[in-house]
1. Please compute the Cα-Cα pair-distance distribution of segment 94-185 with 5 Å bins starting at 0, giving whole percents from short to long.
2. Bin by bin, in steps of 5 Å, what percent of the Cα pairs in segment 67-136 do you find, going until the bin that has the longest distance?
3. At R0 = 41 Å, how high is the FRET efficiency between residue 77 and residue 146 if r is their beta carbon distance? Nearest 0.05 is fine.
4. For the chain, what does -39500 (n - 2.57) per DSSP helix run (n ≥ 4), summed and divided by total residues, give at 222 nm, in deg cm²/dmol to the nearest 500?
5. How much length is gained on full extension from residue 58 to residue 32, taking 0.36 nm per residue of separation minus their Cα-Cα distance?
6. Considering the convex hull of the alpha carbon atoms of segment 4-182, report its projected area averaged over all viewing directions, in nm², one decimal.
């Protein structure tokens, strides 16, 4: 069984469903810098910097123990890996997003994301193919997107990913970390 840290400060949004997301947090000092850049762009969704493994997904509260068991088994089966963030990219004109690119660790993120989505409770139709990245500006004025793209063009960070985090959203408060899953057990 995976060693994990229980962080149950994210309460469910109702008695029967909960919204969850799963991500790799960007550690300091880079996380704060990327989060600050997103805030400066005027992004109304300026959440702490992360690489999404599973975007916002609504599940029955009763399914949460099975989902957590699924995530624990995935964590045990995947080893820690190096993530290298370098430079910027954009999804424009399809979506109004500028991001910091994942230069190394792409396949590890893809494998984790696919394994996470293999649970029936977490399978959902994706609008776009999975592409690991760190969003730094989204749905803001074109000038703000351009500035974020230019300001972080030379950005580089390399660190070990040793865990991923299950987040929950109450519908009232912001996303809250619920539980960390350590890779490799």
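Readers should treat all values here as calculations from the given coordinates under stated rules, not as data from a laboratory. Every value quoted in this text rests on a predicted model; they were computed, and no experiment measured them. Methodologically, a virtual Cβ is constructed for each residue, glycine included, from the backbone with ideal geometry; neighbour enumeration extends over all protein chains shown.
1. Bins of 5 Å from zero give 2, 10, 15, 19, 22, 19, 10, 3, 0 percent of pairs.
2. Spelled out bin by bin, segment 67-136 gives 3, 14, 22, 20, 19, 14, 6, 1 percent.
3. That gives a FRET efficiency of 0.50.
4. -8000 deg cm²/dmol
5. Between residue 58 and residue 32, full extension yields an extra 6.6 nm.
6. Its Cα hull, projected and averaged over all orientations, spans 9.8 nm².
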